[in-house]
Amino acid sequence: MMLYNPSLRVSRLIATKNSSYMYDEDFHHGINILSGCNGGGKTSIIQLLVFGMGYEVTNWKDEAGACDSVYVGLKVNGIDITIKRDINGKEKQPMWFCFMPIADALNTGIENWKKHSYSSQYDSISFSQKLFDILNIPEAKADANNNNVTIHQVLRLIYGDQSNASGNIFNIEPFDSAFKRESIGHYLLGLYDNDLYAYKIALIEEDKKLTKLVSEITAIHSVVGKTSFSREYSSIEDEKKDYLKQIVELNQDVINSKLESFGEYKDEKSTSEKIAINNIKLKTSLYECESEIRTLQYDIEDSGQFISEMKDKKLAIKDAIVVNKSISNFSFQVCPCCQSKLNSVKKNSCGLCGSETNDKGEANENLLRMSSEIDLQLAESNRIIERKNKKLTVLEGKRKDLRTQLRKSISESSSVITSINNKNESKIFGCYQKIGYLEEKIENLDRIAELLNSIAELTDERDRTQKAVND
């Protein structure tokens, strides 16, 4: 029989309660028909089957809902695997995977079972993603909220709930959308264009971000005031340069005023020393912060390379499965190394080395276990990178604050010298007031410049996305 991949076939269904089998039936190739009188349990069996395969059953039949667990033996692209889900009255139950035929899986230890949650969280892989990965089919976007098509959504179309109206193609569920149904239908019909849907979703997201950002800028302008960006200047940078120039001139005025009365203020030397010590502390903190940032950036890059290597290894495993299927029945007549004629081997033995083999696909099952282990490593590595990126963001914010503090401290220290005259105190105090006012205006300009740059970047990205969707 010709096997067309991707292929998914149910080989056996088992439902248990208190460790006893409530239902146990083998499924054959082709169409399996469940027959019986009304109330004979046909719907209960179908509910158990689709639930075991990942569908969320909301209105259980009493007999089906009374079971504890469901085991489903599957042939996925010709490879035997077993999946299991528990029935406990709670929604979105996880799924357990065992890369063995169901007869062996029922007798193996828990260490050979891998659990995957209903939905992906904290970079963990959902059981839908795992099933699609084993089937070697790509994931697809289901809606504008960046949710992927799941096994549940696929079964919404394949399995018809009796409680649905006869005119509905999809089983009814809350928070449904035409976009989602269109995505699922196109996906199953082979008409799904991931790039097109990605562009549509990206466009919606960027429009939301842009609207939010414009609102934030409007709010900030209303607080800071129209004078924060004077119309007398051609750009924010020109206004900022002028303010910095004024600060330098004011600092020089302070220095000149203090030089006029050199030596009359005894505490000036102590003040200068305190400011100098503070400058040293700030520079030290800034150096330590920048060193930590560089170390963290190196760690993130190293983790990224590890993830890339794991992804390459996973692709190699998929290739190995394909190659193994292609050459498993190949008979070698001569040694490919020395070209010597090979002796005939026994049945179910390797045609090259003579080792005993079997036709249960254990090699592919082992490769799938390795792929599952890599998925766990990738999930953990992605969590680590996420934590490091959050820490990096905090450190970069800390570095920015330290630079601002250091700049202010240096500006203050340049104005403080060894003496001050009571006669000039009023003038010096006025200079400091103006310097503080200008520093605040510079900070406001920096914030506005960052927001305007973000607006420009998001606008460009939105235009590119819109063009891609239109094309």
Revision key, fill the gap. All-but-one check, ILE417 against (1) under 49 Å from the mean Cα position of the chain (by Cα); (2) of a type in the set (A, V, I, L, M, F, W, C); (3) modelled with pLDDT under 75, failing number (1)
Exercise for review: Tell me which residues, restricted to segment 82-99, are over 17 Å from THR16 (Cβ atoms) and in a strand (DSSP E or B).
Suggested key: PHE97
Check your understanding: Just a yes or no: is a residue in segment 354-372 assigned to a helix (DSSP H, G or I), farther than 18 Å from MET100 by Cα and modelled with pLDDT under 85?
Key -> no
Practice item. Count, please, the residues in segment 39-81 that happen to be charged (D, E, K, R) and either part of a strand (DSSP E or B) or under 16 Å from LEU155 (Cα atoms) (or both). Key: 3
Revision key, fill the gap. Among the residues of segment 158-215, the number that are under 27 Å from the mean Cα position of the chain (by Cα), of a type in the set (A, V, I, L, M, F, W, C), modelled with pLDDT of 75 or more and surrounded by 13 or more Cβ atoms within 10 Å (Cβ to Cβ) is 2
**Study point:** Pair list, Cβ under 9 Å, 6 or more apart: segment 27-41 residue loosely packed, with under 10 Cβ neighbours inside 10 Å, other residue outside any loop (DSSP other than H, G, I, E, B)
**Key:** HIS28/SER11; HIS29/ARG9; SER35/LYS42; GLY36/LYS42
Point to revise | Number of the condition not met by TRP60 [criteria: (1) surrounded by fewer than 18 Cβ atoms within 10 Å (Cβ to Cβ); (2) within 29 Å of GLN162 (Cα to Cα); (3) modelled with pLDDT of 90 or more; (4) hydrophobic (A, V, I, L, M, F, W, C)] | key: (3)
Review point. From the set of residues in segment 156-191 that are among the aromatic types (Phe, Trp, Tyr) and in a helix (DSSP H, G or I), which is farthest from LYS42 (Cα to Cα)?
Key: PHE179
Study note, to complete from the structure: Checking ILE317, ILE321 in turn, the sole residue that is modelled with pLDDT of 80 or more and surrounded by 15 or more Cβ atoms within 10 Å (Cβ to Cβ) turns out to be ILE317
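The values are calculated or read from the model by the stated rules, or taken from the named source; none is laboratory data. All of these numbers come straight from a predicted model, not from anything done at the bench. Note that we place each Cβ from the backbone using ideal geometry, even for glycine, and neighbour counts take in every protein chain shown.
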